Amino acid sequence: MNEPFREVNMPQAMSRVYDRELLARLMKRTGTGARIRIRDLASLTSLPVGTIGALLSGEQRYLPREKAERIAQVIGVDLMILFVPCERAGRMYVDSPVPAPEAVSA
C-alpha cells in the first residue's frame, strides 16, 4: 500500500514560435536596445546554434516551454510575445486557440 514515490516521465509543456520574423526583428534590437547574434543567443540560453537557426528559418516551430522562456528572457520580452503555449496530444502538438484581436471602436 505505501509504495515509495516513483519518478514519472511527464511530457514537457511545449511552445510554438508565434512569428519567426518577429523573433528576427527583436534580435536586431533587444530589450536593452542592443543587437544579439544567433551565436550569442545560443550561448546565453545554453541552446545549440542550430536550434536558434532552425527557429528563425521555420525549420523548427516547437520548443519546450523552459527553453522558450530562456530565449524570451535573454531577448528581454514576455514569453507570450514570441511563443504560443501548446497542448500535447500523443505525438502531435495541437496549438492552443488564439482568438484574433477585435477592433475597438473609437
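Every number here is computed from the coordinates shown, using simple stated rules; none is lab data. What you are looking at is a predicted structure, and each value in this text was computed from that prediction instead of being measured. Backbone-built Cβ (ideal geometry, glycine too); neighbour counts: all protein chains shown.
How far apart, in nanometres, would the label points at Q73 and L44 be if each is projected 7 angstrom from Cα along the Cα-to-Cβ direction?
With each label placed 7 Å out from Cα toward Cβ, I get 1.2 nm.
Filter the trypsin sites (Lys or Arg not before Pro) in segment 19-85 down to the DSSP loop ones having no more than 14 other Cβ atoms within 10 Å, then list what survives. Could the numbers behind the result be given before it?
On the way: sites: R20, R25, K28, R29, R35, R37, R39, R61, R65, K67, R70; in loops: R29, R35, R37, R61.
For trypsin sites (Lys or Arg not before Pro) across segment 19-85 that sit outside H, G, I, E and B with at most 14 neighbouring Cβ atoms in 10 Å, the list reads R29, R35, R37.
Fully extended, how many nm does the chain gain between A13 and R25 (0.36 nm per residue separation, minus their Cα-Cα distance)?
On the way: separation 12, 0.36 × 12 = 4.32 nm, distance 2.57 nm.
Result for the pair: 1.8 nm of gain on full extension.
So which GluC sites (Glu not before Pro) in segment 7-86 pass both tests, a DSSP loop state and at most 10 other Cβ atoms within 10 Å of the Cβ? All intermediate terms of the calculation are to be shown ahead of the outcome.
On the way: sites: E7, E21, E59, E66, E69; in loops: E7, E59.
The qualifying sites are E7.
Given a Förster radius of 25 Å and the C-beta distance between R37 and E59 as r, what FRET efficiency does 1/(1 + (r/R0)^6) yield to the nearest 0.05?
0.85
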